[in-house]
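See structure below.
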Amino acid sequence: AQKVTQAQTEISVVEKEDVTLDCVYETRDTTYYLFWYKQPPSGELVFLIRRNSFDEQNEISGRYSWNFQKSTSSFNFTITASQVVDSAVYFCALREKYNFNKFYFGSGTKLNVKP
Amino acid sequence: ETGVTQSPTHLIKTRGQQVTLRCSSQSGHNTVSWYQQALGQGPQFIFQYYREEENGRGNFPPRFSGLQFPNYSSELNVNALELDDSALYLCASSGTELNYGYTFGSGTRLTVV
């Protein structure tokens, strides 16, 4: 069965702290795609990153970095030196190769960054 | 790119009524999906349309139906509204490449009273 688990419901940090959002997934497919989306209060889902299951190289984009580990089925997201504008709900999602029309989303982690 | 736009942004309906939500997909994207996001939850897949045909459906009853038009617009129709249908409804469009991420709209917040 396909499943994405984000165990952290809500995290609060003070500005400039580093924060890691956890994501654990389950799938029987050998080829799949993992995503992170940001959802600000306005509601739209903003695409952050896509990773293929055959590419375990970690990625850094500015203050954002992602750690993909197939051995533990995890795809964690770290924000370095957090800012108030990072406050939002973050979703991890899974998309399978042979069912590519469907995303499985986690329940989201609400990040509160306080000044 | 024109993005994905949804209308209306907010809607209040009475239980038992019918509702139509609209989405204008990103230009050139011939795949559109609809998701339901209940409060405090992640989005759940309702269905997808590709070239005006439904080609995938989640665990939603038949009273959830859709249409896709040649001009990249689409509709989500919900009949016999129930209180549990209250949610944010998100439309997402995608190109045809397998590993495309979707472009999501801002959603329609539906409240059923």
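Here are a few things to note about the model shown:
- Selection count, segment A:1-45, where residues are within 14 Å of A:PHE75 (Cβ to Cβ) and either aliphatic (A, V, I, L, M) or out of contact with any strand residue (DSSP E or B) (no Cβ under 9 Å at 6 or more places or on another chain) (or both): 5
- Total residues in segment B:10-49 satisfying the condition of being closer than 16 Å to B:SER94 by Cα and touching a residue at least 24 places away in the same chain (Cβ under 8 Å): the figure is 15.
- Pick from segment B:1-23, criterion modelled with pLDDT of 95 or more and of a type in the set (Gly, Ala, Ser), ranking: farthest from B:GLU75 (Cα to Cα): B:GLY16
A quick yes/no check of all residues on (1) assigned to a loop (DSSP other than H, G, I, E, B); (2) in contact with a Lys or Arg (Cβ under 8 Å, 6 or more places away or on another chain); (3) within 14 Å of chain B (Cβ to nearest Cβ); (4) surrounded by fewer than 18 Cβ atoms within 10 Å (Cβ to Cβ):
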position	(1), (2), (3), (4)
A:ASN67	no, no, no, yes
A:SER71	no, no, no, yes
A:ASN76	no, no, no, no
A:ALA81	yes, yes, no, yes
A:VAL85	no, no, no, yes
A:VAL89	no, yes, yes, no
A:TYR104	no, yes, yes, no
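- When B:SER93, B:SER65 are screened for being of a type in the set (S, T, N, Q) and touching a His at 6+ places or on another chain (Cβ under 6 Å), only B:SER93 passes.
- When B:GLY58 is tested against (1) touching a Lys or Arg at 6+ places or on another chain (Cβ under 9 Å); (2) touching a residue at least 40 places away in the same chain (Cβ under 8 Å), only condition (2) is not met.
- For segment B:40-87, the candidate set comprises residues that are farther than 24 Å from B:ARG15 by Cβ and in a loop (DSSP other than H, G, I, E, B); within that set, the residue that is nearest to the other protein chains (Cβ to nearest Cβ) is B:GLY42.
- Residues that are part of a loop (DSSP other than H, G, I, E, B) and of a type outside the set (Phe, Trp, Tyr) within segment A:91-102 comprise A:ASN101, A:LYS102, listed in sequence order.
- Some residue of segment A:48-71 being in contact (Cβ under 8 Å) with a residue 40 or more places away in the chain and over 12 Å from the mean Cα position of the chain (by Cα): no
Rundown of residues vs (1) touching a Leu at 6+ places or on another chain (Cβ under 9 Å); (2) among the acidic types (Asp, Glu); (3) at pLDDT below 95, yes/no style:
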residue: A:GLU15; (1), (2), (3): no, yes, no
residue: A:CYS23; (1), (2), (3): yes, no, no
residue: A:THR30; (1), (2), (3): no, no, yes
residue: A:SER42; (1), (2), (3): no, no, yes
residue: A:PHE47; (1), (2), (3): no, no, yes
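- Filtering segment B:42-64 to residues that are of a type in the set (S, T, N, Q) and surrounded by 15 or more Cβ atoms within 10 Å (Cβ to Cβ) leaves B:GLN44, B:GLN48.
- Against the list (1) assigned to a strand (DSSP E or B); (2) away from chain A (no Cβ under 14 Å); (3) at pLDDT below 90, the condition B:SER27 fails is (1).
- Residue satisfying all of: in segment A:30-47; touching a Lys or Arg at 6+ places or on another chain (Cβ under 6 Å) and not hydroxyl-bearing (Ser, Thr, Tyr); farthest from the other protein chains (Cβ to nearest Cβ) among these: A:LEU34
The values are calculated or read from the model by the stated rules, or taken from the named source; none is laboratory data. What you see is a predicted model, and the numbers here were worked out from it, not measured in a lab. We place every Cβ from the backbone using ideal geometry, glycine too, and count neighbours over all the protein chains shown.
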